[in-house]
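Sharing a structure here in structure tokens format.
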Ligand code: PMP
Ligand code: GLN
């Protein structure tokens, strides 16, 4: 194909290909162990796969309703009320999306206007800022502070002004593994009371919270829920990142706008998979036991790397563990991550990419959603570095 004969002004001039794609490709090219992009290297539950094939064979093959299969929305409403205490109306307050990524994009596109301000905490997952930028709204970054990456609410108060329309939260947090506490929700409630600020709460790792803590969903706080888009993803909970189904919960008036955008963005998402998830949600143990499952993996991984030259604070949630290489090298983390992939055959994600400016805390993120044998191999490599 020759070069295109037209030119366009990039809407995202500073954006390249996501680091997850870059590092996974490099891992594949180099034949390296891939602990970079977050996905399990074990299969999804057989019972769930059987339900998908049953749905495929029983005619669930045409468009789903725009907002998602009612069966699935009802099960999500039941689960959310049981776990977090807020009742969402499946008819008007829950929409099934093509993964959390689409839900995040749609919520931002549907609710923000040009020149609105949006608070994002750094380090931040990579899809928030470009979506805000595409709307023409402005991102205001507030840094989380190492080593525990908690939110400094005094800093938040300082940046809020009449233009602030949204705060984006992510707990458990990618990449740091930090979690919001009950006290954080009270602070947020206090700060936003009487304001017109919406909250986008990315809770895709809601079922991966460790050390006996509980997930502080915004759906636990009625005031906050009334101003929030709460987003989750079945990909994380059911080891099915490739199926790309998630959902958004929001009060009626917010959801009405969300659906106006959703219907012209995707209209409706994969029906047989929605049917299978609806049936599989009856199996409460599958999500209630996930925190223990991943805590064992986190504990194994950190036990295996003890005595290496990497330092760490155990992740409180998610399936990511950050490791500091401060004692090993002063290379930029992007260079170090590439070198480890090429020379030592282990791929990770450099943390600097989650910042808006030049910050390099000399840390790498490793995904421990892996078979124990993979974690053992990874630790063996890390000990030699
Ligand atoms: N938010 C966070 C914090 C994530 O880590 C991810 C990805 N894994 C997503 C959203 C996107 O989820 P999905 O794959 O369902 O689009
Ligand atoms: N959320 C996954 C991660 O943080 C990656 C998803 C993606 O590749 N976009 O690794």
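Which residues, counting only those in segment 43-71, are closer than 15 Å to residue 237 by Cα and in contact with a helix residue (DSSP H, G or I) (Cβ under 9 Å, 6 or more places away or on another chain)? Outline the logic, then answer.
Of segment 43-71, the ones closer than 15 Å to residue 237 by Cα are 43-49.
Across segment 43-71, the qualifying residues are 43, 44, 45, 47, 48, 49.
Output the number of residues of segment 26-47 satisfying the condition of being more than 16 Å from ligand 1 (Cβ to nearest atom) and not in a loop (DSSP other than H, G, I, E, B). Before you say what the answer is, go through the steps one by one.
Within segment 26-47, the subset more than 16 Å from ligand 1 (Cβ to nearest atom) is 26-33, 42-43, 45-47.
Next, only the ones that are not in a loop (DSSP other than H, G, I, E, B) stay: 26-30, 33, 46-47.
Here the count works out to 8.
Quick check on segment 318-327. Is at least one of its residues under 16 Å from residue 31 (Cα atoms) and more than 16 Å from ligand 2 (Cβ to nearest atom)? Even if it seems obvious, please write down each step before you answer.
Just the residues of segment 318-327 that are under 16 Å from residue 31 (Cα atoms), to begin with: none.
No, there is no match, as no residue in segment 318-327 is under 16 Å from residue 31 (Cα atoms) and more than 16 Å from ligand 2 (Cβ to nearest atom).
Mind listing whichever residues of segment 115-134 are over 22 Å from residue 203 (Cβ atoms) and in contact with a strand residue (DSSP E or B) (Cβ under 9 Å, 6 or more places away or on another chain)? Before you say what the answer is, go through the steps one by one.
Keep residues of segment 115-134 that are over 22 Å from residue 203 (Cβ atoms), which gives 115-117, 133-134.
Result: 115, 116, 117, 133.
Still on this structure, please answer the following. Say whether the condition of being more than 16 Å from ligand 2 (Cβ to nearest atom), within 23 Å of residue 241 (Cβ to Cβ) and crowded, with 19+ Cβ neighbours inside 10 Å is met by at least one residue in segment 346-366.
no
Among the listed residues 256, 260, 275, 222, identify the single one that is buried (at least 19 other Cβ atoms within 10 Å of the Cβ), away from ligand 2 (no atom under 16 Å from the Cβ) and more than 21 Å from the chain's Cα centre (by Cα). Let's see the steps before the verdict.
On the way: 256 fails: buried (at least 19 other Cβ atoms within 10 Å of the Cβ); 260 fails: buried (at least 19 other Cβ atoms within 10 Å of the Cβ); 222 fails: buried (at least 19 other Cβ atoms within 10 Å of the Cβ).
Checking each option against the conditions leaves just 275.
How about segment 197-210: which of its residues are away from ligand 1 (no atom under 13 Å from the Cβ), in a loop (DSSP other than H, G, I, E, B) and under 18 Å from residue 83 (Cα atoms)?
If we filter segment 197-210 for residues that are away from ligand 1 (no atom under 13 Å from the Cβ), which is where we start, we get 197-199, 207, 209-210.
Next cut, in a loop (DSSP other than H, G, I, E, B) only: 197, 207, 210.
Within segment 197-210, 207, 210 meet the criteria.
Let me ask something else. I'd like to check something: does segment 75-82 contain any residue that is at pLDDT 95 or above, in a helix (DSSP H, G or I), within 23 Å of the chain's Cα centre (by Cα) and within 14 Å of ligand 1 (Cβ to nearest atom)? Break it down stepwise before answering.
Here is the first cut: in segment 75-82, the residues at pLDDT 95 or above are 75-82.
This time we only want the ones that are in a helix (DSSP H, G or I), so: 75-82.
If we keep only those that are within 23 Å of the chain's Cα centre (by Cα) as well, we get 75-82.
Narrowing the set further to residues that are within 14 Å of ligand 1 (Cβ to nearest atom) leaves none.
No, the conditions are met nowhere in segment 75-82.
Also, I was wondering about something else. Among the numbered conditions (1) touching a residue at least 12 places away in the same chain (Cβ under 8 Å); (2) under 22 Å from the mean Cα position of the chain (by Cα), tell me where residue 296 comes up short.
It fails just one condition, (1).
Still on this structure: Run down 175, 130 and say which single residue is within 16 Å of ligand 2 (Cβ to nearest atom), buried (at least 21 other Cβ atoms within 10 Å of the Cβ) and touching a residue at least 60 places away in the same chain (Cβ under 8 Å).
On the way: 130 fails: buried (at least 21 other Cβ atoms within 10 Å of the Cβ).
It is 175.
Suppose we filter 1, 66, 23 for residues that are under 25 Å from residue 375 (Cα atoms) and either part of a loop (DSSP other than H, G, I, E, B) or within 16 Å of ligand 1 (Cβ to nearest atom) (or both); which single one remains? If you could, list the steps in order and put the result at the bottom.
Details: 1 fails: under 25 Å from residue 375 (Cα atoms); 66 fails: under 25 Å from residue 375 (Cα atoms).
Going through 1, 66, 23 in turn, the sole match is 23.
Do we have residue 86 as more than 16 Å from ligand 2 (Cβ to nearest atom) and buried (at least 17 other Cβ atoms within 10 Å of the Cβ) here? Let's see the steps before the verdict.
Numbers: more than 16 Å from ligand 2 (Cβ to nearest atom): yes; buried (at least 17 other Cβ atoms within 10 Å of the Cβ): yes.
Yes; evaluated as a whole, the condition is true for this residue.
Right, something else. Taking the residues in segment 217-233 that are assigned to a helix (DSSP H, G or I) and in contact with a helix residue (DSSP H, G or I) (Cβ under 8 Å, 6 or more places away or on another chain) as candidates, determine which candidate is nearest to ligand 1 (Cβ to nearest atom). Outline the logic, then answer.
So the first thing to find is which residues in segment 217-233 are assigned to a helix (DSSP H, G or I), and the list is 218-220, 222-225.
Keeping just the survivors that are in contact with a helix residue (DSSP H, G or I) (Cβ under 8 Å, 6 or more places away or on another chain) gives 218-220, 223-225.
Numbers: 218: 15, 219: 17, 220: 19, 223: 24, 224: 19, 225: 19 Å.
Going through the qualifying residues, I end up with 218.
The values are calculated or read from the model by the stated rules, or taken from the named source; none is laboratory data. Worth saying up front: this structure is predicted, and the values here are computed from it rather than measured. Note that each Cβ is placed from the backbone with ideal geometry, even for glycine, and that neighbours are counted across all protein chains shown.
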